[in-house]
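Taking it in order: structure first as structure tokens, then the write-up.
The values are calculated or read from the model by the stated rules, or taken from the named source; none is laboratory data. The model shown is predicted, which means the values in this text are computed figures rather than measured ones. Backbone-built Cβ (ideal geometry, glycine too); neighbour counts: all protein chains shown.
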Amino acid sequence: MSHHPADWDAEASTFDDEPDHGLTDPATREAWRSLLRAALPAAPARIADLGCGTGTLTVLLAEEGHRVHGVDFAPAMVERARRKAQDAGLDVDLTVADAAAPGLEPAAYDAVLCRHVLWALPDPVAALRGWFDLLAPGGRLVLVEGRWGTGAGIGPGECRRLVELAGGTAEVRPLPDPVYWGRPIDDERYLVVGRA
């Protein structure tokens, strides 16, 4: 997929149709809630959700009591995220900006979350360095990535190498369980917890 906002704007209306995007199935939603609860600091933490798309995880984390700032470069995605937060009665900061250079306050976040974005960036190491700069002391970077059946994406070894090139350490956890994706998968999907 391209790194152009207009292309992602065009995806906004159907983006949540994928089970792991919309999290409309209760079992899938709870699986992601538990996964992120284990990977992220305890609430209330300040979290930057970069490349937040339609805000599904942004809202999920706000429901958990976190202070979340969602960022996406596609205005139609951010508009959907705003509606989702409003419908849930949650106060969430949402900004139209590039996840690779979100323009957020340095050293201000307990965690930076980025799902299915790193693989698509033109300079992933530069982005990762910038994301590490957003973390307060002791903060962590949480990435959800994969190498999908389409051939797109990055494998876990490559993701670890990118995090290390950016000056961090990476702990990889495979996510093969169908509950996360709404169907059985035969490709590589995983979570990474990185620390500076």
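Some observations on this one:
- Total residues in the stretch 180-196 satisfying the condition of being charged (D, E, K, R), out of contact with any Lys or Arg (no Cβ under 7 Å at 6 or more places or on another chain) and either over 23 Å from THR24 (Cβ atoms) or not in a loop (DSSP other than H, G, I, E, B) (or both): the figure is 2.
- Any hit, the stretch 48-63, residues being touching a His at 6+ places or on another chain (Cβ under 7 Å), at pLDDT 95 or above and among the β-branched types (Val, Ile, Thr): no
- Taken over the stretch 1-40, the criterion of being surrounded by fewer than 18 Cβ atoms within 10 Å (Cβ to Cβ), at pLDDT 95 or above and not basic (Lys, Arg) is satisfied by SER34, ALA38.
- Among the residues of the stretch 80-98, those identified as part of a loop (DSSP other than H, G, I, E, B) and under 20 Å from PRO44 (Cβ atoms) are ALA88, GLY89, LEU90, ASP91, VAL92.
- Test: residue in the stretch 173-185 that is surrounded by 22 or more Cβ atoms within 10 Å (Cβ to Cβ) and at negative phi: no
- Scan the stretch 151-179 for residues that are free of Cβ contacts under 8 Å to residues at least 40 places away in the same chain, in contact with a Phe, Trp or Tyr (Cβ under 8 Å, 6 or more places away or on another chain) and in a helix (DSSP H, G or I) and the total you get is 1.
- Residues within the stretch 141-172 that are within 21 Å of TYR109 (Cβ to Cβ) and surrounded by 15 or more Cβ atoms within 10 Å (Cβ to Cβ), tallied: 11
- Top-ranked residue in the stretch 88-140 [being over 26 Å from GLY153 (Cα atoms) and in contact (Cβ under 8 Å) with a residue 60 or more places away in the chain; ranked as surrounded by the most Cβ atoms within 10 Å (Cβ to Cβ)]: TYR109
- Set ASP93, ASP98: member being among the charged types (D, E, K, R), in contact with a Gly (Cβ under 8 Å, 6 or more places away or on another chain) and more than 17 Å from VAL193 (Cα to Cα): ASP93
- Hits in the stretch 64-74 (condition: closer than 17 Å to VAL117 by Cβ and either modelled with pLDDT of 95 or more or in contact with a Cys (Cβ under 6 Å, 6 or more places away or on another chain) (or both)): VAL68, HIS69, GLY70, VAL71, ASP72
- ALA62 passes every criterion in (1) of a type in the set (Gly, Ala, Ser); (2) farther than 24 Å from THR24 by Cα; (3) crowded, with 23+ Cβ neighbours inside 10 Å apart from (2).
- In summary, ALA101 fulfils each of the numbered conditions (1) more than 29 Å from GLU30 (Cα to Cα); (2) part of a strand (DSSP E or B); (3) of a type in the set (Gly, Ala, Ser) with the single exception of condition (2).
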